[in-house]
Every structure is written in C-alpha cells, then in structure tokens.
Amino acid sequence: MKNAIQNTARVLILPTLFLQAFSYLYAEPKLTGVFRNDTLILSKNKTGHFSDILENRLVLKNNSDKWKLYIDGRFYLYFGEITEQLGDYDAELMRSFIRYYAGWADFTLGKTYINLGNSGIFNPFEIDKTLNFSDVSYAKKGILAFESVIPLGDLSRLKAYGGYNDTFKNYSTGFDLGFNIKSFDLGLASIRNGTNKNEKIFIHMPEYISESRNIAGVYFKGDLELGIQAAYAHHFNDKIKHDFIEANFGFDYSFFGAMLLLNTIFYYNENGGSSPKNYALQSEAYFFAKYYNYSGLIYAYDEFLSFDLGVFSNLNDKSSIIIASVNNTIANGLKVTFMTAFLTGKADDEYSIHKTGEYFALARIEGRF
Amino acid sequence: MKYKLKFLGFISLWIFSFVQILAITPEEIIRKVDKNAEFNTQSFAITMKIQKGKRTLTKKIEGFGMVNGKKSFMKFTNPEDDGVKYLKIEKELWIYFPDADDIMKISGHMLRQGMMGSDISYEDMMESGEWEEKYAARLLPDETIGGNLCFVIELKAKVPDVAYETQIMYVEKNNFVPAKVDMYSAGGRLIKKISFHDFQKISGRTVAQKVIIKDTRRADSLTTVEYGNVKFDVKLPPNVFTKEYLRR
C-alpha cells in the first residue's frame, strides 16, 4: 500500500509538468519579482550577533480563461552567524501548480498551498503550523497535491485535496465544506495525515510520530459589530484514541475610520505542556504549551507610514515576545521596515531571555517589481 | 403676430422650467442622482494615485459591478500588487492574496479602512447610489462649484449601517450629478471631501471620469481616481461574484 502511494506520487509529477508546459504555450506569461533583505542583530548574553538574509523571489504567472499556471521560486543568500544553521544559500520552490477551471469545479495539480478553515494565526486546520515571528503573513511552502474546489453557491464550496510530502513517504488528505450565513463564513473541516513510523510528520514539523492521525472540527468567522472568529478541532488516531482538542477564539475591531486596528486571538492545545518542565514540541499543534494569546495593534498613520505592535504570550509560563515595527512605503513597490523584539521570560520559560536572547532588531527592505 | 406667439411660447416654457426647478424637492433631486448612478452591470478600469506631499503611489485596478455596486469584484494589475483581488457582496468583503493563494474574509468594520492605504475606503469605492433609501434630504441655499450652479442638499442617515452620518452633496443643476460631497462623522466632524470631474455621457448616464478624495484626518494627502473604459450593461464573466473566481 505504501509503495503504491509513493508510486502514485511519482506518476503525478509527469502530468503536472506536462500541463504546466501546455499552459505556458497557450497564454500570455507574466513575470514579477520581489527582493527582500533582512539585516538582523540579536543580543544574547549582552553580546551582539549579526546575520543577514537576502531573498530573491521570481513569480511566473500565466492566466487564460480555462487555465492558470503559477510558479514561485525563491533563492536565499545568508551572511553572518545564521550561516552556521542554514549554510550560505538555499533555494525553495514554494509553488508550481496548474489550475483548470471546468465551470462546475476548479482543479489544481502541482506544488500548491493547501489551507482549510479560517486563514491566519493559530488555525487548527493549517497543515503547516510553523510561524515566522518577523512576518506572520509570510507565505507558506506548498505541497505536491491534487485539489478540487466545487462551488455550492456564490459563497459556499466543497474543497477536497490529497497530497504528499517532499519525500513522498507521508500523505495528507482532507476536505472543507464551507458556507456563508448572515455575514458569517462557517464550515466543517477534516484532515487525515498518513505517516510511517520514524518518518517526519507531514510537511515541516521536526517531530516524529508513529501512527496516522486525523483532525475533524468546525470553524467560523463573521461580524457582530466587531469581527469574531473561532475554530474547534478534535485530533485522534484510527482507533479514536489518543485524542485531544485544539481550538482558538479571537476578535478584532478598528477605530478612527479603521486607522487603528486591534485584534486578539486565544489558542488552546489540550496536549500542550502546562509548565516549562513538561514542554515538548507539539507535532500536530502550535508551539509547546496549552494556552497562548496573540494580540496585535496596527496604526496606519497615512498611506505610507504604519506602526505595528504584536505580542505573543505563552499564558502558562506568562512569558511573551513583544514585537514593535515601523513600516514606511518609500515609493511604488519599495518598503522599509524597522522592527525590534523583546522577550520577557526567564529561566526555562518559552520566551526566555536566557534561551533566545534579550532582544533583536531587524531592518528590512523589500522591493516588488 | 407669429413672432409674438413664438416669443410668448418660449417665455412660458422658460417660466415653466424655472418654476419646475424652483419647486423641485430634495427627494426628487437625490432620486435623479440615484437614477443616473443606477446600473445593472458595469465594467471599469481605474488608475488610483495616492499622494502624500511629493510622494505618489500608483495602483491600477480592473473590475466589475452589479446592481448599483451591491456586488463588486476588483483585481489589481500594477506590478507590486498584481493579482490581489477583492470581492464585495453587500457588506462583506473577501481579499485574495496571490502569494499565499488564499482567500481571507475581512471584518465588516475594516470596510472603513483606506483601500490599499488610500484616502478612499472600501465602502466609498464599492458603494454607489441609493441615497434616497439611506438618507433623509434637506435643501440648503444654492452654491456655485467649478462654475456650475448647484443644489446643496444635506443628507442625514435614516438607516443605521451607513458609512457617514451626515453628507452635504452639491448637485449640478444642469445634469443632476454630484459635483462634490462632504462627509461628516456622527459628531459633526468633516471626515472626507470628494469632488467629481471630467463628466462624460456613457450609455445615457453622466459619469465622472476623475474623482478626487481628501481624507481630512490624513495630513497633506490626496487620492485621485481616474476611470477608464467604463461600460454599463455589459455581459459579465460567469460566476465573477463568487469566492472561487478570486482564485483565478
């Protein structure tokens, strides 16, 4: 069975490449790009540590009435101390897919980002539960998958997918049945992550698990004067054992003509540790502990200048990482960001100055063309 | 005698028209404004210039509208935002981010936010007409705007879910289109000034080709929206006002 799955995955690559070539020939290609340079200074034990990440991104798009081709390739150059962990350079194919519009459904084949439930932080139905603290909206890597979306109305749809991880040894499949009722998006979602013993769990998590796992639950996002969202997911194995709950609840509101935006989201992972002594990296959930909160404040001073303040808090050990940034758009497509982060935890706390460092500063310049 | 009759006829017609304009109620004026803004389907292209002092950002947008803007779809085509798409249905908004290939529902209160950092909010951009339904009108003394004599109408919200509590609309007397609208908060503070320019006749409607928006809360800033290729009663792409169309 496992061999059959691996062979199927390999066989899928060929039609994907063929369809992508086909799409390229039958529509007008469009090439866009992004360069981004992050200069980081980390203070740990009162010593400065310097790193620099230069990211170059090229996106090739090709759209027609029936087809869409999308390829997103990224090349990273590393300088300073970060090379000890990541080497001198890296390349990543984030997306490479073709989408076919059949009228009654859309079909996507290739390396594509799959996400069920409400997009955003602490989503239990997110397949890739890693988080980039310096940019929470940073795009996540795709997986090799076949996805279909069948509209059941203007704002309702059934999304289903099946895919493989980079080594083709694990698979993931799932569905999301979404509706819109009275200004609320709501739905049911389910995921099955099939895995082999001693293999990395699906996608990026470093943790190892020994059995296939399932997730099923519900979610919603809507308006009750303030924006409100929640999700509830139940994790279990094939014998409906070793189960636990993962959930979130959040709301947002804006002031002064939406120039000031406040948002907060609480997260619960039943399997998480209740204190630093029993923290363990959660392979199926975010971070280590049971309870978290993320609160953010964005103030858009004008069209060019904005201020962000974000606080990630581990509510079990009361440690936080506080991130403040200033963003300035200099010209069309050119933006600079200055960011600084402080940690409040001590000793073995998750956001501990002893483990991670006292603070870090980041200068980012990003150009889109 | 023949000339006298013609003259009398002309004078009578002029007096009749004059009396008619004098007798017009504010409700009738905004009804005419609404009538001009009515459409079933619409397609458009927009160039939006966001100015702050000497700095300017330019956004290019293509889009479709339906039933006076109750449904609208917009796609950014300038290189920096290429592929970002908006779908608005009534008071709900979804944004498609091409980097993530994902759709995000935006909370209703965020409709008041400046679109892509501009002075124009999602609400301003995507809503049109239906003044009579949403506002109670009162006629104020006439004023001249850009050389055109205008009715001045005070509009007070009569339904709860409108973006601005009070608006002062300056309606050109010769064609019943707004030349300028000042928008006020519930506390009576002037929030925005919108002026309309370069009118053209398109499919029987008088349509401004250039709109200038000034958000008074933002110092030294101005947004200019230039319309191009505006068409009414067009055949829209199938399923354009659906979430799935955003992913195209």
Taking the condition surrounded by 19 or more Cβ atoms within 10 Å (Cβ to Cβ) and away from chain A (no Cβ under 12 Å), does B:F151 pass? yes
Residue tally, condition modelled with pLDDT of 90 or more and within 11 Å of B:D182 (Cβ to Cβ), over the stretch B:154-169: 6
Per-region count, the stretch A:301-311, residues open to solvent by 70 Å² or more (accessible area, probe 1.4 Å) and of a type in the set (D, E): 0
A:N115 being within 12 Å of chain B (Cβ to nearest Cβ), surrounded by 19 or more Cβ atoms within 10 Å (Cβ to Cβ), modelled with pLDDT under 90 and under 26 Å from B:F97 (Cβ atoms): yes
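Is it the case that some residue within the stretch B:126-148 is within 13 Å of chain A (Cβ to nearest Cβ), open to solvent by 20 Å² or more (accessible area, probe 1.4 Å) and either closer than 19 Å to A:D223 by Cβ or outside any loop (DSSP other than H, G, I, E, B) (or both)?
Of the stretch B:126-148, the ones within 13 Å of chain A (Cβ to nearest Cβ) are none.
No, that holds for no residue.
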Residue tally, condition touching a residue at least 60 places away in the same chain (Cβ under 8 Å) and either open to solvent by 50 Å² or more (accessible area, probe 1.4 Å) or assigned to a loop (DSSP other than H, G, I, E, B) (or both), over the stretch B:156-174: 2
Single unsatisfied condition, B:Y184 versus (1) within 25 Å of B:E154 (Cβ to Cβ); (2) in contact (Cβ under 8 Å) with a residue 60 or more places away in the chain; (3) within 14 Å of chain A (Cβ to nearest Cβ); (4) among the aromatic types (F, W, Y): (2)
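Whether any residue in the stretch A:130-137 is more than 18 Å from the chain's Cα centre (by Cα) and surrounded by fewer than 21 Cβ atoms within 10 Å (Cβ to Cβ) is what I want to check.
Checked the stretch A:130-137: no residue is more than 18 Å from the chain's Cα centre (by Cα) and surrounded by fewer than 21 Cβ atoms within 10 Å (Cβ to Cβ).
Kindly state which strands (runs of 3 or more DSSP E) lie completely within the stretch B:37-123 and contain at least 2 residues that are more than 11 Å from chain A (Cβ to nearest Cβ).
By residue number, B:41-52, B:55-66, B:71-76, B:85-89.
Conditions (1) assigned to a loop (DSSP other than H, G, I, E, B); (2) free of Cβ contacts under 8 Å to residues at least 40 places away in the same chain; (3) touching a helix residue (DSSP H, G or I) at 6+ places or on another chain (Cβ under 6 Å); (4) small (G, A, S), marked per residue:
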| residue | (1), (2), (3), (4) |
| --- | --- |
| A:T130 | yes, no, no, no |
| A:A139 | yes, no, no, yes |
| A:E147 | no, no, no, no |
| A:L155 | yes, yes, yes, no |
| A:G163 | no, no, no, yes |
| A:T173 | no, yes, no, no |
| A:G178 | no, yes, no, yes |
| A:L188 | no, yes, no, no |
Hey, does the stretch A:284-300 have a residue that's open to solvent by 40 Å² or more (accessible area, probe 1.4 Å) and within 14 Å of another protein chain (Cβ to nearest Cβ)? yes
Can you find, within the stretch B:189-223, the residue that is farthest from the other protein chains (Cβ to nearest Cβ) among those that are small (G, A, S) and touching a Lys or Arg at 6+ places or on another chain (Cβ under 9 Å)? B:S203
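Rundown of residues vs (1) of a type in the set (V, I, T); (2) in contact with a helix residue (DSSP H, G or I) (Cβ under 7 Å, 6 or more places away or on another chain); (3) open to solvent by 30 Å² or more (accessible area, probe 1.4 Å), yes/no style:
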site: A:R57; (1), (2), (3): no, no, no
site: A:N62; (1), (2), (3): no, yes, no
site: A:K68; (1), (2), (3): no, no, no
site: A:I71; (1), (2), (3): yes, no, yes
site: A:F79; (1), (2), (3): no, no, yes
site: A:E84; (1), (2), (3): no, no, yes
site: A:Y89; (1), (2), (3): no, no, yes
Members of the stretch B:86-100 found to be of a type outside the set (A, V, I, L, M, F, W, C) and open to solvent by 10 Å² or more (accessible area, probe 1.4 Å), listed by number: B:E90, B:K91, B:E92, B:P98, B:D99
Restricting to the stretch A:237-257, and then to whatever is under 21 Å from A:N118 (Cα atoms) and more than 10 Å from chain B (Cβ to nearest Cβ), can you tell me which residue is most open to solvent (accessible area, probe 1.4 Å)? A:F249
Unique match (being without any contact (Cβ under 8 Å) to a residue 60 or more places away in the chain, of a type outside the set (D, E) and part of a strand (DSSP E or B)) among A:I215, A:I228, A:I265: A:I228
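Does at least one position in the stretch B:224-235 carry a residue that is within 12 Å of chain A (Cβ to nearest Cβ), within 15 Å of the chain's Cα centre (by Cα) and within 22 Å of A:M259 (Cα to Cα)?
As a first pass, look at the stretch B:224-235 and keep what is within 12 Å of chain A (Cβ to nearest Cβ): none.
No: zero hits.
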Counting only residues that are open to solvent by less than 40 Å² (accessible area, probe 1.4 Å) and closer than 29 Å to A:D65 by Cβ, how many does the stretch B:210-244 have? 12
Can you pull out the residues in the stretch A:258-282 that are of a type in the set (G, A, S), open to solvent by 20 Å² or more (accessible area, probe 1.4 Å) and at pLDDT below 90? A:A280
Please work out if A:Q229 is more than 14 Å from chain B (Cβ to nearest Cβ), out of contact with any His (no Cβ under 9 Å at 6 or more places or on another chain), crowded, with 19+ Cβ neighbours inside 10 Å and at negative phi. no
Do you know which residues across the stretch B:32-78 are of a type in the set (S, T, Y), free of Cβ contacts under 8 Å to residues at least 40 places away in the same chain and within 14 Å of B:E226 (Cα to Cα)? B:T58
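The values are calculated or read from the model by the stated rules, or taken from the named source; none is laboratory data. In this text the structure is predicted, and so the values were computed from the model without any measurement. Here the Cβ is made from the backbone with ideal geometry for all residues, glycine too, and neighbour counts use every protein chain on show. Each accessible area value is taken on the protein alone, full model and side chains, heavy atoms only, with ligands, DNA and RNA left out. Shrake-Rupley method; radii C 1.70, N 1.55, O 1.52, S 1.80 Å.
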